[in-house]
Protein chains: 2
Amino acid sequence: MAKSDGFMAEALREARSAAERGEIPVGAVLVVDGAVIARSGNRTRADNDVTAHAEIAVIREGARLLGQERLSGADLYVTLEPCTMCAGAISFARIRRLYYGAEDPKGGAVDNGVRFFRQPTCHHVPEVYSGLAETEAARLLTDFFRPRRPT
Amino acid sequence: MAKSDGFMAEALREARSAAERGEIPVGAVLVVDGAVIARSGNRTRADNDVTAHAEIAVIREGARLLGQERLSGADLYVTLEPCTMCAGAISFARIRRLYYGAEDPKGGAVDNGVRFFRQPTCHHVPEVYSGLAETEAARLLTDFFRPRRPT
C-alpha cells in the first residue's frame, strides 16, 4: 500500500467517525515529515460552527501544535474535494500538497465551482492529487444522506 | 448618522485596535435585531490561525452566543471586502446582509476575484452593500503596510 493510501485510509476513518456522531462524513489528516500530526472529521454540529470543516479543524490543530500560522511543508488528506471556504484556508496555510478523495460538483472549489487555485486572487497554490479512495469517500456521503431524503 | 454608519464605525474601531496589536487592520461586527452581538479585529497572529479573520471570528462568536450554527437574520459589517475563505463562511452561516467598506482587488471574493456569491456552488447569497467608510477602511490598511515596504 502506498503511503498516500494509508493516510487517506486514516482520513476515511475520521469520516466514518463523523457519520457516527451525526456529522456530514468528511474526514481529514494533516501530515508533516511522513507522520500524521492532526486528524479530524467534520464537526460543525458538535462545535456549532459552520467553519469547523475537517480541513479547517486539522489546519487549526496543526498550527496550534507547531506554534505557527503557516504550515509550509505540510500535506493535507481529505476525503472530499474542499469547498470554497476550505480552499481559501488551505491556500492561506501554505499547504504543500492536497490529496482529496471524491469530487464535489455541487460545493467543491478545486476542480469544480470557482476552481480557486487557478485564480489570480489565490496567492499560494498547493500541488493537488485527486481520486484517492474516491469510491469509498463518496459512498460514505451517499449512505449518510440516503435515509434523510424522502422516498 | 445612519445606523449602518454607526455599525461600520464600530468595525473600524476593531480594525484600528487590530493594527495596534500588529495585526492586519480589518474589523467586523455582527448585528442581530439592531444590536452588536460580536465584534473582532483580525487575529491571525494572536491566535496562530490563518482562519482567524475578523469575519470568521464574529461568525464563530455569534454562533457560540446564540447556540446555533446558522445566523439567519444576522448582518455582518466588515471594513474590507471579504476574501474567498470568508465569503464561503458568510454563505454557510446564512448571513442576511453583508456591509463592507473598501474593495480588495487582490484578495476579495465578493465584487472581485471569484465573485463567490454569483456562482452556482454558492447556496446562500446575502444582500451586499459596499463602499461604507471605504476611504477610512482603505487608509488604515495603507498606513499599516507603508512602513513595512522597502523605500
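The values are calculated or read from the model by the stated rules, or taken from the named source; none is laboratory data. All of these numbers come straight from a predicted model, not from anything done at the bench. Methodologically, a virtual Cβ is constructed for each residue, glycine included, from the backbone with ideal geometry; neighbour enumeration extends over all protein chains shown. Accessible surface areas use protein heavy atoms only, side chains included; no ligands, DNA or RNA. Shrake-Rupley method; radii C 1.70, N 1.55, O 1.52, S 1.80 Å.
Tally Lys/Arg at +1 and Asp/Glu at -1 over every other residue whose Cβ is under 10 Å from the Cβ of A:Ala46; what's the total?
Numbers: positive: A:Arg21, A:Arg43, A:Arg45; negative: A:Glu23, A:Asp47, A:Asp49.
Net charge in that neighbourhood comes out at 0.
Please report the antiparallel percentage of the DSSP beta bridges confined to chain A, to the nearest 5.
55 percent
Considering only C-alpha atoms, what is the centroid distance from region A:68-141 to region B:68-138, in Å?
If we compute the Cα centre of each part, the gap is 21 Å.
Between the DSSP loop rule and a limit of at most 16 other Cβ atoms within 10 Å, which GluC sites (Glu not before Pro) in region A:50-95 are left? Let's see the in-between values first.
Working: sites: A:Glu55, A:Glu61, A:Glu69; in loops: A:Glu69.
Qualifying residues, ordered by number: none.
Give a residue-ordered list of calculated ³J(HN,Hα) values for region A:104-115 (Karplus: 6.51 cos²θ - 1.76 cosθ + 1.60, θ = phi - 60°; whole Hz; x for Gly, Pro).
3J(HN,Hα) across region A:104-115, in whole Hz: 10, x, 7, x, x, 9, 9, 10, 10, x, 7, 6.
Report, in deg cm²/dmol and to the nearest 500, the calculated mean residue ellipticity at 222 nm for chain B, where each DSSP H run with n ≥ 4 adds -39500 (n - 2.57) and the sum is divided by the residue count. Write out the running numbers ahead of the final one.
Values: 5 runs with 56 residues, N = 151.
That calculation yields -11500 deg cm²/dmol at 222 nm.
Taking amide H positions as placed in the peptide plane 1.01 Å from N, state which residues far from A:Val128 in sequence (5 or more) or on other chains have amide H under 5 Å from it.
Under 5 Å from the amide H of A:Val128 lie the amide H atoms of A:Leu98, each far enough along the sequence or on another chain.
Report the accessible area of B:Arg39, computed with a 1.4 Å probe over the heavy atoms of all protein chains in place, in Å² rounded to the nearest 10.
Number for this one is 120 Å².
How high is the relative contact order of region A:90-133, in percent, counting Cα pairs under 8 Å that sit 6 or more residues apart?
Details: 60 pairs, mean separation 23.9, N = 44.
Worked out over region A:90-133, it gives 54 percent.
Which distance in nm do the two modelled labels at B:Arg97 and B:Glu136 give, with both placed 7 Å along the Cα-to-Cβ direction?
1.8 nm
Suppose R0 equals 41 Å. What FRET efficiency, 1/(1 + (r/R0)^6) with r the Cβ-Cβ distance, do A:Val128 and A:Asp47 give to the nearest 0.05? Let's see the in-between values first.
Working: r = 27 Å, r/R0 = 0.66.
Calculated transfer efficiency: 0.90.
Accessible surface of B:Phe92 in the full protein assembly, 1.4 angstrom probe, to the nearest 10 Å²?
So the heavy atoms of B:Phe92 present about 70 Å² to solvent.
How far is A:Val32 from the same spot in each other copy, in nm, shortest first, if each label point sits 7 Å from Cα toward Cβ?
Label-point distances to the other copies, shortest first: 3.6 nm.
From the square roots a ≥ b ≥ c of the eigenvalues of the alpha-carbon gyration tensor of region B:1-62, which class results: rounded (a/c under 1.5), prolate (a/b over b/c), or oblate? Working shown, then result.
Numbers: a/c = 3.36, a/b = 1.53, b/c = 2.20.
Verdict is oblate for region B:1-62.
Using alpha-carbon pairs under 8 Å, 6+ residues apart, how would you state the relative contact order of region A:1-100 in percent?
Numbers: 201 pairs, mean separation 24.5, N = 100.
Taking the mean separation of contacting Cα pairs over the length of region A:1-100, I get 24 percent.
Smallest Cβ-to-axis distance in chain B, for the rotation taking B to A: which residue, how many Å?
Here the nearest residue and distance are B:Val114, 2.
Taking N as the number of residues in region A:106-151, what value does Rg over Cα atoms divided by 2.2 N^0.38 Å take? Mind dumping the intermediate values first?
On the way: Rg = 14.8 Å, N = 46, 2.2 N^0.38 = 9.4 Å.
Expressed relative to 2.2 N^0.38 Å, the Cα Rg reads 1.57.
Normalise the Cα radius of gyration of region A:1-130 by 2.2 N^0.38 Å (N = residues in it) and let me know the number. Don't skip to the end; give the middle numbers.
Values: Rg = 13.3 Å, N = 130, 2.2 N^0.38 = 14.0 Å.
Compared with the compact-globule rule of thumb, region A:1-130 sits at 0.95.
Starting from the coordinates of the alpha-carbon atoms of the protein assembly as shown, obtain the Kirkwood hydrodynamic radius over all distinct pairs and give the value in Å to one decimal.
Values: mean 1/r = 0.0515 Å⁻¹.
Every distinct Cα pair counted, the radius reaches 19.4 Å.
With every protein chain present, what is the per residue accessible area of region A:1-137 (1.4 Å probe, Å²)?
Working: 5490 Å² over 137 residues.
I get 40 Å² per residue for this part.
Using a ≥ b ≥ c from the Cα gyration tensor of region B:72-151 (square roots of the eigenvalues), is it rounded, prolate or oblate, where a/c under 1.5 gives rounded and otherwise the larger of a/b and b/c decides, a/b for prolate?
Values: a/c = 2.73, a/b = 1.83, b/c = 1.49.
Taking the square roots of the gyration eigenvalues as a ≥ b ≥ c, region B:72-151 is prolate.
Heavy atoms only, probe 1.4 Å: what % of the accessible area of chain B goes to carbon and sulfur, would you let me know? Walk me through the numbers before you get to the answer.
Numbers: 3270 of 6810 Å².
Heavy-atom surface of chain B belonging to carbon and sulfur, 1.4 Å probe: 48 percent.
Label-to-label distances across copies for B:Leu65, with labels 7 Å out along Cα→Cβ, in nm, shortest first?
Label point to label point, same position, other copies: 3.4 nm.
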